[in-house]
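The values are calculated or read from the model by the stated rules, or taken from the named source; none is laboratory data. Everything quoted here is computed from the prediction, not taken from an experiment. Neighbour counts run over all protein chains shown; Cβ positions are idealised from the backbone, glycine included. These accessible areas exclude ligands, DNA and RNA; they are computed on the full protein's heavy atoms, side chains included. Shrake-Rupley method; radii C 1.70, N 1.55, O 1.52, S 1.80 Å.
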2 protein chains.
Amino acid sequence: MEIVSSNKSFGGWHKRYRHPSRVLDCDMQFAIYLPPQAEQGERLPVLYWLSGLTCTDENFMQKAGAMRLAAELGLVLVTSDTSPRGPEVPGDPEGAWDFGQGAGFYLNATEQPWARHYRMHDYVVDELPTLVEAHFPVSDSRGISGHSMGGHGALVCALRNPGRYRSVSAFAPIANPLDCPWGEKAFSRYLGEDRSRWREWDACALLASAQERLPLLVDQGDADSFLAEQLKPDALRRAAEAAGHPLTLRLQPGYDHSYYFIASFIEDHLRHHAAALGAAS
Amino acid sequence: MEIVSSNKSFGGWHKRYRHPSRVLDCDMQFAIYLPPQAEQGERLPVLYWLSGLTCTDENFMQKAGAMRLAAELGLVLVTSDTSPRGPEVPGDPEGAWDFGQGAGFYLNATEQPWARHYRMHDYVVDELPTLVEAHFPVSDSRGISGHSMGGHGALVCALRNPGRYRSVSAFAPIANPLDCPWGEKAFSRYLGEDRSRWREWDACALLASAQERLPLLVDQGDADSFLAEQLKPDALRRAAEAAGHPLTLRLQPGYDHSYYFIASFIEDHLRHHAAALGAAS
């Protein structure tokens, strides 16, 4: 593991690292925010953030305004990249931004040529936390959140892995990818044309058989231009109601899909996670 | 004036506009953050932010985390671009990033071919506020702040224009440009080789004859890689002491030149401005 950069921030440190990923079979970068409490030796709870299409580890750290409160709460933040990267990793054949590099959809691909590298689920759920827990003063008290494709990732990672996370939330998640254009494009390539296998990677489908009643906090802007076609919060609401799963879904009037929306409500999410993770909220 | 984009943020609105600038003889973009109080009809105080080399109106709005507190304080934020822009505007002959487009140094150039477009002082001090005050519910209670080249700009604009601003602050300003490589390169081209004329655009030189005792708040990271060669906070301290000018200069241990540093201390600056501007601090 090699350090890429280091910036003091709100009394703590924002650091970026590069490491060889065994799961993804390529080099990856991630970022970590260590609040000031990390220098006191105690192991701290950690929130994993999954970003949306085209993003890297940088977007959330630069734009969400999360470090101020993380420093106050003693919460570690970790952001991953959104796909495997590098010249050896195949991308979208047409060079589009909604598939391939920058668009890993946090699943394990089964189809060629994607299956070799595109295993973002195992990377963010297992390999990255194992690395983080080995190198930094973090506990196994894990939360997960994300935006758009990363909101889908957060919900799916939590629902597929009972016991792994103590808290989950999402901003404008792609809530029902098996029934929207972004999801259909990605799933048909990564997972193949048999739609029955897509259900393992769809938050709405997973809710029906969830073994754990982890409360979901979801914020969605009602002026989000992707809302009706791609995001489908109503499908999530119906699935949670049908399953009796606790969901707080807040439609935020006037807000769009940008990081200005995320920044406006990140405090509520950080407090939601800190309370469940045992941070000093 | 034409709107470029609009995002709801912390209950208010972040908006970007394009307009023809008479002073700069080209089209310009700026951004404004209107806090929720702007919809109540009252005219609000306004803080102008000047960014550093290579930046546009976007960097501060995306990365400083300022809107949260501006929304609480009822403070309008305005960010300008850092130079005239466009294919008709001459840039650095060698294509460098520290001169020309993205590097207007907030002065009025006297030398050709720069003098036609490079008049950022008159733009940010006069033309832009006149436009903003005509179109938005802002008062003539103005503060000014900035980072690096924009910190230089904030100090110089305030010191040259007594009565124009009620508050001023800076992050890591180029405090003594007539005696550093960035300043020498820019001033020798924009203003010519006669160094006596450079003093009109140097905060340290201007302090000696300041007609107004506007208190200066300056934050500087002590791990800033540009500190000794380009920024020279000690020269600013000596000039303020010699002039008996009130200066609060804080060396922040471990902080660098990035927006993580700005975000860490923006709250103190916003409260400093809000108190002087009569916002609801």
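Can you list the residues of the stretch B:32-69 whose accessible area drops by at least 40 Å² going from the chain on its own to the full set of protein chains, with a 1.4 Å probe?
B:Q62, B:K63, B:R68
For chain A, what relative contact order do you get, as a whole percent, if you take Cα pairs closer than 8 Å and at least 6 residues apart?
Computed value for chain A: 18 percent relative contact order.
For the protein assembly as shown, what is the calculated [θ] at 222 nm in deg cm²/dmol (nearest 500), taking -39500 (n - 2.57) for each run of four or more DSSP H residues and dividing by its residue count?
-8000 deg cm²/dmol
In whole Å, how far is the Cα centre of the stretch A:1-44 from that of the stretch A:260-281?
Going from one Cα centre to the other spans 20 Å.
For the stretch A:2-277, taking Cα atoms only, what is the radius of gyration to one decimal and the Dmax to the nearest whole Å?
17.3, 52
Roughly what % antiparallel, to the nearest 5, for the DSSP beta bridges in the protein assembly as shown?
Within the protein assembly as shown, antiparallel bridges account for around 50 percent of the total.
What are the ³J(HN,Hα) couplings of the stretch A:10-19, residue after residue, when phi is run through the Karplus curve with 6.51, -1.76, 1.60 and θ = phi - 60°? Round to Hz, x for glycine and proline.
Per-residue couplings from phi come out as 6, x, x, 9, 9, 10, 10, 10, 10, 8 Hz.
Starting from the coordinates of the alpha-carbon atoms of the stretch A:133-182, obtain the Kirkwood hydrodynamic radius over all distinct pairs and give the value in Å to one decimal.
With all distinct Cα pairs of the stretch A:133-182 included, I get 11.7 Å.
Roughly how many debye, to the nearest 20, is the charge dipole of the stretch A:2-277 about its Cα centre, given +1 on each Lys and Arg Cβ, -1 on each Asp and Glu Cβ, and no other charges?
Computed about the Cα centre, the dipole is about 520 debye.
How many Å² of accessible surface get buried when B and A come together, counting both sides, probe radius 1.4 Å, rounded to the nearest 100?
In total, chains B and A hide about 1800 Å² from solvent.
Estimate the FRET efficiency between B:S5 and A:T54 by the formula 1/(1 + (r/R0)^6), using the beta-carbon distance for r and 22 Å for R0, to the nearest 0.05.
For B:S5 and A:T54, the calculated efficiency is 0.80.
Compute the semi-axes of the equivalent ellipsoid of the stretch A:198-270, taking the square root of 5 times each eigenvalue of the Cα gyration tensor, and list them largest first in whole Å.
For the stretch A:198-270, the semi-axes come out at 23, 15, 10 Å.
With θ taken as phi - 60° and the coefficients 6.51, -1.76 and 1.60, list the Karplus ³J(HN,Hα) couplings across the stretch A:38-52 in order, rounded to whole Hz; mark glycine and proline as x.
Couplings: 5, 7, 9, x, 6, 7, 10, x, 9, 9, 8, 10, 10, 8, x Hz.
Quick one: dipole size for the protein assembly as shown, taken about the Cα centre, charges +1 on Lys/Arg Cβ and -1 on Asp/Glu Cβ, in debye to the nearest 20.
So the dipole magnitude of the protein assembly as shown works out to roughly 900 debye.
Quick check: at a probe of 1.4 Å, how many percent of the accessible area of chain A sits on carbon and sulfur atoms?
The nonpolar share, carbon plus sulfur, comes to 47 percent.
I'd like to know which of A:P137, A:I174, A:T110 lies farthest towards the positive end of the charge dipole of chain A, counting +1 on Cβ of Lys and Arg and -1 on Cβ of Asp and Glu.
Positive-end residue among those listed: A:P137.
Once the Cα gyration tensor of the protein assembly as shown is diagonalised, what are the square roots of 5 times its eigenvalues, in whole Å and ordered largest first, as equivalent ellipsoid semi-axes?
In descending order the semi-axes read 45, 24, 23 Å.
When DSSP beta bridges are limited to those with both residues in the stretch B:2-277, what percentage is antiparallel, rounded to the nearest 5?
So the antiparallel bridges amount to about 50 percent of the total.
Compute accessible area for the stretch A:256-277 by itself and then with all protein chains, 1.4 Å probe, and report residues whose area falls by 30 Å² or more.
By number: A:D256, A:Y260, A:S264.
Run the numbers on the stretch B:1-24: which residues show a drop of 30 Å² or more in accessible area, chain on its own versus all protein chains together, using a 1.4 Å probe over heavy atoms?
Buried by the other chains: B:N7, B:K8, B:F10.
Rolling a 1.4 Å sphere over the protein heavy atoms, what is the accessible area per residue of the stretch A:127-239, to the nearest Å²?
Accessible area per residue: 34 Å².
With each pseudo-label sitting 7 Å past Cα toward Cβ, what's the A:D140-A:S188 distance in nm, one decimal?
Label-label distance for A:D140 and A:S188, simple model: 4.2 nm.
Enumerate the calculated ³J(HN,Hα) couplings along the stretch B:211-223 in order (Karplus 6.51 cos²θ - 1.76 cosθ + 1.60, θ = phi - 60°), each rounded to whole Hz, writing x wherever the residue is Gly or Pro.
Residue by residue, the stretch B:211-223 yields 8, 9, 9, 5, x, 9, 10, 10, 10, 9, x, 7, 9 Hz.
Out of the trypsin sites (Lys or Arg not before Pro) in the stretch B:189-236, which ones are loop residues according to DSSP with at most 15 other C-beta atoms within 10 Å?
B:R213
If the reach is capped at under 18 angstrom between alpha carbons, list the aspartates and glutamates near A:K8, excluding any in the same chain fewer than eight residues apart.
A:E39, A:D57, A:E58, A:E72, B:D219, B:D222, B:D224, B:D256, B:E267, B:D268
Between the label point of B:E193 and that of the same position in each other copy, find the distances and list them shortest first in nm, with every label point placed 7 Å from Cα along the Cα-to-C-beta direction.
7.6
How far is B:R22 from itself in the other copies, in nm, if each label sits 7 Å out from Cα along the Cα-Cβ line, shortest first?
6.9
Springs between alpha-carbon pairs under 10 angstrom, Gaussian network model over chain A: which of A:D126, A:D194, A:D222 fluctuates most?
A:D194
Which shape class, rounded, prolate or oblate, goes with the stretch B:23-70 when its Cα gyration tensor gives a ≥ b ≥ c as root eigenvalues, a/c under 1.5 marks rounded, and past that a/b bigger than b/c marks prolate?
oblate
Measuring label to label, 7 Å along Cα→Cβ, what does B:A242 give against each other copy in nm, shortest first?
7.7
Taking amide H positions as placed 1.01 Å from N in the peptide plane, with prolines and chain starts having none, which residues 5 or more places from B:I144, or on another chain, fall under 5 Å of its amide H?
B:Y48, B:S167, B:V168, B:S169
Report the residue of chain B with the smallest Cβ-to-axis distance, using the rotation axis that brings B onto A, in whole Å.
Spelled out, residue of B and its Cβ distance from the axis onto A: B:G65, 2.
Given the C-alpha centroids of the stretch B:153-211 and the stretch A:112-184, what is the distance between them in whole angstrom?
A separation of 50 Å, based on Cα centres.
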